[in-house]
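Please read the structure below before turning to the comments.
The values are calculated or read from the model by the stated rules, or taken from the named source; none is laboratory data. Keep in mind it's a predicted model, so treat the numbers as computed, not measured. Positions of Cβ are backbone-derived with ideal geometry, glycine not excepted, and every protein chain shown enters the neighbour counts. The area values use the complete protein model at the heavy-atom level, side chains included, leaving out ligands, DNA and RNA. Shrake-Rupley method; radii C 1.70, N 1.55, O 1.52, S 1.80 Å.
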There are 2 protein chains.
Amino acid sequence: MLLVELRLARIDLSSQKVREEKIDDKTVRKFIGGRGLGAYLALKEIPAGIDPFSPENKVYILTGPIVGTAAIESGRYHVIAKSPLTGILGDANSGGQFGPWLRFAGYDGVVLEGASETPVWISIVDGEVKINDASHLWGKGVFHTEKLIREEVGVEKESLGSVLAIGPAGENKSRIAAVMNDRYRAAGRAGLAAVIGSKKVKAIWAFGNRKVMDEIYDKDRYMKEAKKLIKKLMEHPISKALYEYGTSVLVNVINTHGGLPTKNWTRGTFEKAFDVSGEKLAETYLKARKGCWGCVIQCSRVSEVPGGPFKTPLSEGPEYETIWANGPDTMVGDLAALTKVNYLLNDMGFDTISYGSTVATLMEIYELAKQGKLPEDKAKELYELLGDIEPEWGNAHALIELVWRAAYRNRIGDLVAEGAKRLAEYFGVPDVAIHVKGMEMPAYDPRAINSMALAYATSNRGGCHLRAYSVSFDVLGVPKKFDPLKVDLEKVRLTKEQQDYFSFIDSLVVCKFNTFSTGPEDYVELMKAATGWEDFTVEELLTTGERIYNTERLFAVREGTGYKDTLPKRLLEEPLPDGPAKGKTAKEPLEKYLPEYYKLRGWVDGKPLPDTLRRLGLDEFLYIVQ
Amino acid sequence: MLLVELRLARIDLSSQKVREEKIDDKTVRKFIGGRGLGAYLALKEIPAGIDPFSPENKVYILTGPIVGTAAIESGRYHVIAKSPLTGILGDANSGGQFGPWLRFAGYDGVVLEGASETPVWISIVDGEVKINDASHLWGKGVFHTEKLIREEVGVEKESLGSVLAIGPAGENKSRIAAVMNDRYRAAGRAGLAAVIGSKKVKAIWAFGNRKVMDEIYDKDRYMKEAKKLIKKLMEHPISKALYEYGTSVLVNVINTHGGLPTKNWTRGTFEKAFDVSGEKLAETYLKARKGCWGCVIQCSRVSEVPGGPFKTPLSEGPEYETIWANGPDTMVGDLAALTKVNYLLNDMGFDTISYGSTVATLMEIYELAKQGKLPEDKAKELYELLGDIEPEWGNAHALIELVWRAAYRNRIGDLVAEGAKRLAEYFGVPDVAIHVKGMEMPAYDPRAINSMALAYATSNRGGCHLRAYSVSFDVLGVPKKFDPLKVDLEKVRLTKEQQDYFSFIDSLVVCKFNTFSTGPEDYVELMKAATGWEDFTVEELLTTGERIYNTERLFAVREGTGYKDTLPKRLLEEPLPDGPAKGKTAKEPLEKYLPEYYKLRGWVDGKPLPDTLRRLGLDEFLYIVQ
């Protein structure tokens, strides 16, 4: 039987030494790869209580056992580190080409340890890791960096090799900086690029000829299983909608449900929703559709704004979350402006969700100042720091100019770069920042889509729609339709199961857009063919996900922060003033869902019980909860 | 008799050691201070042929013997170093408060030598020089830097002490970066901030209690002489116009003469000239008038754009040259946009003349690309580097957004930061850059004001209106009015005399706006009272200026570059298509003026003759020309 092993390159930036490490079959079976393996290694290796910017933090850039195989959207990689935004475990994943190319280059993952004194970039080619001087790249945008590295290595064709890079945001340790690859793809959330920046790593180039399909246990069977999944995927109406209108097909859908957070979450509908929708994009700036490595959906947009003040060259995006955070949340209703700000945010290397949300927070703070609701000294300081920036609701120019200020921490940008929570705290109005555990929330109001109350509150990385995406059943009817405004405890079970299933998916690492059309049962046969684990079952798959979810939670428990599962005050106390969910708060759903959820998880007050850990084979971490 | 000595702090950034040096009375009498002393020391100490960014370059920040005395606009300082823009001696001076406060702090000048490995800022307080860590200031804008330093030293009142700083432009070694002080004042030209940046010096704080008036030879007599000069100054109509409308009173004047370079010097008049004039500024955004240390003219503008896309908070400027380079030269006719771009350029630390001129150059290159007049590969690269920027004539948004890109060398900004000459050369169209000796030219077309042909060509620092300002006789009628379109060899003598007189003025260091109302004879009595040099004469004053002018020229001769006195091809070959100077080029004037000028100077082909150096007491530099 083939042993499924993962090969990591441990790169110590302090000593500039590289060490190879094999992750054995047993560990792979327990944590798979990507998000799961990263959580496990981080919990074992990152000392409790460290500053996320200290050299003791580590960055795990991991693929998994089927990444880069010719099947089922398997082109992703995951990044894990202690997050400077939340202070707990941060993780994010990204598509594009980097994950596969990292494997082709000879490694299934890279661990960045220590810190370099001067900027470096890392090349990984056919198993050889080199650390190179990057002083000429430091300060450069993501696009320019990719171009310069490709020139340096002599591979200009975009379909060959892949560059992962941080932008100025990451260099300048913005807590909302995104890890970028292939220019437009982002492992966006939790500010992990800032950790890479703190290690003075500018980029990674991956290229090579390893044949990962040859490492599949039974290739023919694997391809047969993969084709089944692909067929399901291609036939699913959501896949078709994603092809047609991209992720921003959601703008009108969520707006109609009254759950499109508008004006920094003070409303649930946006009058200009259609103007910034996927349908509108398809009519205007859309030039082509594009997919990540080996993808059949092609949900990525290739857009161009041909002229005018928001001219944007042919480039990828904008995605739904980007449009929402920079659009409805800030009241900017101009799709050209959103296309441009997306382009700049990619180049500077920002998490577009956190950035837009932070600007929306700033706009509310500015409004408070003008209404005399900020202490006089704070208002004075705000105006001074703003200088020529006027962050009024809907001001697209302010939205765009703040990108530069945030990237280079110029005046008010120095605070925007810190994210919404720290910005609002600085001005003495913490409740204006809409976040969970320090991370800005994405584009679904849990007052209108009540299952999201639980999904957000219990997310291990803070405000997130990708630990569980209960929008799928509350709005999209997958696996079945619920009333998004009605409290229904079946949603709790589904949310918990989704969290576990997604943990597995993120560890493989494959695309979550598979999960509309496939369930855990579909992956069992694929996994058997890939690994030879013939006794693999749906139960094991979900238990593996649960193990991963608990491992992440243990990181927070050990840190003594980030395991309290709640929502921002505004969502609990301020009823939505508009739309179909008018009058609703997220208080009742959260209060009803949470106890049931803890029961299902075997947790008390957000902490796993010792028996839960034993059941999941996490005995080595019992010390954290005992 | 009092010995006039100047006390310098030599700061070796490499060893972090400080050494005091006295410049003796004899040397002061030969080179005065400021520009003259700087040229002399630079020629002696900076090795020939070095890279301006190497630690062997030195930066001289010098005042002079009457700076900070209660008289005659004596609030300036001068910066001298080998210029990264021109490759020859670069020098620039600035008003505001820094010059006086440097003297009050106990030193008449500072020399920055070597290079620090990490960012530092320097505090000079009552004779004590300290080198402090500036890692928290690196990357910050000029305004923020001043604020943070004032907080750190605990002196927030703006009239106490002074901060000299570089912005991100200087840090990132932009060849058009300006040394800034008191937030809005710039020793702008020749990219000297980039040299300071290469030494990793972010800022200098000067504060102290030295009484410089006590060092004046005869205080009463000095005050009596100073008052005479001030009276003349205050009564002069140009002083009054400068108070009323600021330096941008010139916009309409120069436009009327057809000498306002428009659309990158392809035209001599701008249809929106009035919209961007000092008169218009006074009607719109002007909030107050302001002067430098001890100044009675108050030519500085305090402006505010209260709202709209070009909102600008209360801040200083814009000046005439800034308005011209960013306005007529780029065809931007919106004073609000110009006020904003000026504000941003100050904060990022750019030379506003060179920046606007470089953007105008980029606009012409972009036009050539669109017309298919650029090689295909170059056009493709241009579009790629531009990304979302569309530098069409008159596009104010592009003008503004390029500030950030240039400051942080993002894509096209990486080339804009290099200045017009290198930008145009990069795209294979060197003649599109309008410069002399690598430095972008200021706002007077020598085809319409022909004496400026000589003034520009023979300037020792490249394209400059401040070595001789023959606009004063060709346009303003000081000392007498000439026909600006007529070749008249008397202008040659006046230009040469002005160059010498200005060299003296820049060495004192006082404001050139004195020179409209006063001549060398007025300064002789003041100098006697200040120094006790009772045998000082007009002849000695002008010979001193001539000595300085020749010393600067020797730097270029020794470098083997920058002593060929000519003008851009466009000005020599393309007749002006519009305005009163329609049909004129600068070819005839330059060809007629230059031989006469060399005769007066005792130069051949731009090089001083040995006898000239002997006559001026520059024997120690004979080796350069022999």
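Worth a mention:
- Filter result for A:L508 (in contact (Cβ under 8 Å) with a residue 12 or more places away in the chain, surrounded by 24 or more Cβ atoms within 10 Å (Cβ to Cβ), in contact with a Pro (Cβ under 8 Å, 6 or more places away or on another chain) and among the aliphatic types (A, V, I, L, M)): yes
- Screening the stretch B:295-310 for residues that are out of contact with any helix residue (DSSP H, G or I) (no Cβ under 6 Å at 6 or more places or on another chain) and under 18 Å from B:E244 (Cα atoms) and picking the one that is most open to solvent (accessible area, probe 1.4 Å) gives B:E304.
- If you go through the stretch B:53-88 and keep only what is polar (S, T, N, Q) and modelled with pLDDT under 95, you end up with B:T69, B:S74.
- Just one of the numbered conditions (1) open to solvent by 10 Å² or more (accessible area, probe 1.4 Å); (2) assigned to a helix (DSSP H, G or I); (3) hydrophobic (A, V, I, L, M, F, W, C); (4) under 16 Å from A:I323 (Cβ atoms) is not true of A:I230: (4).
- Total residues in the stretch B:37-58, condition in a loop (DSSP other than H, G, I, E, B) and either outside the structural domain of B:A92 (by TED's automatic domain parsing) or open to solvent by less than 10 Å² (accessible area, probe 1.4 Å) (or both): 2
- Test result for A:E128, away from chain B (no Cβ under 11 Å) and not basic (K, R): yes
Residues are listed down the side, and each one gets a yes or a no for (1) among the polar types (S, T, N, Q); (2) open to solvent by 60 Å² or more (accessible area, probe 1.4 Å); (3) within 14 Å of chain A (Cβ to nearest Cβ); (4) in contact with a helix residue (DSSP H, G or I) (Cβ under 9 Å, 6 or more places away or on another chain):
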{"site": "B:N132", "(1), (2), (3), (4)": "yes, no, no, yes"}
{"site": "B:L148", "(1), (2), (3), (4)": "no, no, yes, no"}
{"site": "B:K173", "(1), (2), (3), (4)": "no, yes, yes, yes"}
{"site": "B:V179", "(1), (2), (3), (4)": "no, no, no, yes"}
{"site": "B:G191", "(1), (2), (3), (4)": "no, no, no, yes"}
{"site": "B:R210", "(1), (2), (3), (4)": "no, no, no, yes"}
{"site": "B:D220", "(1), (2), (3), (4)": "no, yes, no, yes"}
{"site": "B:E225", "(1), (2), (3), (4)": "no, no, no, yes"}
{"site": "B:E235", "(1), (2), (3), (4)": "no, yes, no, no"}
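- Index of the failed condition, A:D474 passing every other in (1) in contact (Cβ under 8 Å) with a residue 40 or more places away in the chain; (2) crowded, with 24+ Cβ neighbours inside 10 Å: (1)
- Subset of the stretch B:285-295 that is in contact (Cβ under 8 Å) with a residue 24 or more places away in the chain and farther than 19 Å from B:E321 by Cα - its residue that is farthest from the other protein chains (Cβ to nearest Cβ): B:G294
- Candidates B:T330, B:T352, filtered to the one that is open to solvent by less than 10 Å² (accessible area, probe 1.4 Å) and outside the structural domain of B:E158 (by TED's automatic domain parsing): B:T330
- A:Y408 being within 14 Å of chain B (Cβ to nearest Cβ), of a type in the set (S, T, Y) and either under 30 Å from A:L554 (Cβ atoms) or open to solvent by 10 Å² or more (accessible area, probe 1.4 Å) (or both): yes
- Residue match in the stretch A:495-512 (condition: out of contact with any helix residue (DSSP H, G or I) (no Cβ under 8 Å at 6 or more places or on another chain), over 25 Å from A:G617 (Cα atoms) and not in a loop (DSSP other than H, G, I, E, B)): no
- Any hit, the stretch A:244-256, residues being within 14 Å of chain B (Cβ to nearest Cβ), under 17 Å from A:Y343 (Cα atoms) and either over 19 Å from the mean Cα position of the chain (by Cα) or not small (G, A, S) (or both): no
- Any hit, the stretch B:428-448, residues being within 14 Å of chain A (Cβ to nearest Cβ) and open to solvent by less than 10 Å² (accessible area, probe 1.4 Å): no
- Residue in the stretch A:414-425 that is at pLDDT 95 or above, open to solvent by 10 Å² or more (accessible area, probe 1.4 Å), in contact with a strand residue (DSSP E or B) (Cβ under 8 Å, 6 or more places away or on another chain) and more than 12 Å from chain B (Cβ to nearest Cβ) present: yes
- Test: residue in the stretch A:460-476 that is outside the structural domain of A:S248 (by TED's automatic domain parsing), among the charged types (D, E, K, R) and not in a loop (DSSP other than H, G, I, E, B): yes
- Tabulated pairs, the stretch B:47-70, first farther than 18 Å from B:D506 by Cα and hydrophobic (A, V, I, L, M, F, W, C), second at pLDDT 95 or above and in a loop (DSSP other than H, G, I, E, B), C-beta under 7 angstrom, 6+ apart or interchain: B:I50/B:E56; B:I50/B:N57; B:F53/B:P84; B:F53/B:K173
- Filtering the stretch A:359-404 to residues that are of a type in the set (G, A, S), buried (at least 16 other Cβ atoms within 10 Å of the Cβ) and more than 12 Å from chain B (Cβ to nearest Cβ) leaves A:A360, A:A369, A:A379, A:G394.
- Some residue of the stretch A:90-103 being among the aromatic types (F, W, Y) and open to solvent by 10 Å² or more (accessible area, probe 1.4 Å): yes
- Count of the stretch A:150-171 residues which are modelled with pLDDT of 95 or more, outside any strand (DSSP E or B) and more than 10 Å from chain B (Cβ to nearest Cβ): 11
- The set of residues in the stretch A:296-315 being of a type outside the set (F, W, Y) and within 13 Å of chain B (Cβ to nearest Cβ) consists of A:S303, A:E304, A:V305, A:P306, A:G307, A:G308, A:P309, A:K311, A:T312, A:P313, A:L314, A:S315.
- Out of A:A336, A:A369, sole residue that is small (G, A, S) and touching a Pro at 6+ places or on another chain (Cβ under 9 Å): A:A336
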